[in-house]
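Inspection log for the structure reproduced underneath, given as structure tokens.
The values are calculated or read from the model by the stated rules, or taken from the named source; none is laboratory data. This structure is a prediction, so every number in the text was calculated from the model and none was measured. As a convention, Cβ positions derive from the backbone with ideal geometry for all residues, glycine included, and neighbour counts pool all protein chains shown. For the accessible areas, the whole protein counts, side chains as well, though only heavy atoms, and no ligand, DNA or RNA atoms are used. Shrake-Rupley method; radii C 1.70, N 1.55, O 1.52, S 1.80 Å.
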Amino acid sequence: MFKTKLLVVALGAAFALPALADEAAPAVTSNIGIVSDYIYRGLTQTSHSPAVQGGLDYAHGSGFYAGVWGSNVSWIVDGLDGTAVASGNKPTLELDTYFGLKGAIVPDVSFDVGAVRYNYLGNSYATKASSGLVNADTAEVYGAVGYKFLTFKYSYGVLDRFLMVPNAGGTSYMDLTAAYPIEGMGLTVTGHIGLQKYKGDFVNNSGVYAAGTTIDPSCTDYKLGVTKDFGGYVAGLTYTSTNVTTSAWTSNGEQWGKSTVAFSLTHAM
């Protein structure tokens, strides 16, 4: 883990040198929005129900940035057994903190390196033999390279767990995103494909499968979308889907990775 972080810092420092020569004034911005369904890497975080989301960002002229972002969630409560919920483990708020460095390498080529911590407030769930799950809080380091409207990003889990799956240190996510602006119309068309690859397997004892059944929760997700800027308010429409074929991402008969259309409205301040 130390070597991974050191590599991220070194790459960031090397790529940042051209950007340091032309620093702009630091800026603090915020945003708030609503979505009809909070989708994370193809999987609903609210059991296909609406969410209110918002964030606060700091950006320095050198390319350094930091921020915090939050949303209501329900997937932890929905996916846990009754004992865990009854014991007071009812996290309904995700609060992420992150920092990084981004800038231009050469014209039309950009970079972004950083780290993010996913926090689920009120989540006290520890490993339990009755379910095989662990605390949902986790963290990643990431690096991205962009060329014009294309961006490739690689994220790497640095803790020994990832979204309640134990022994998942080294879990990775690769995604390729195209965000193509249509000049003069305020529209941006997006396309995305991502692969969440878990390190090792999850031995499920929660009752969805027979006790001790080994499951690989890895999956591929896809997204098509369009956004429209209405002078500070951005409306979006997205279609997402995954190749999830097992009940690893299912709760109460609800498939978290099923094909979904979601609406969003965001205001930047």
Within segment 72-85, is even one residue at pLDDT 95 or above and surrounded by fewer than 17 Cβ atoms within 10 Å (Cβ to Cβ)?
yes
Selected residue (criterion: farthest from V109 (Cα to Cα)) from residues of segment 172-205 that are modelled with pLDDT under 95 and crowded, with 17+ Cβ neighbours inside 10 Å:
N205
Go through (1) closer than 23 Å to D175 by Cα; (2) open to solvent by less than 30 Å² (accessible area, probe 1.4 Å); (3) at pLDDT 95 or above; (4) over 17 Å from the mean Cα position of the chain (by Cα) one by one and return the number of the condition D37 breaks.
(4)
Cβ pairs under 7 Å, 6+ apart, first in segment 93-115 and farther than 30 Å from V77 by Cβ, second loosely packed, with under 15 Cβ neighbours inside 10 Å and of a type in the set (D, E, K, R):
D108/K148
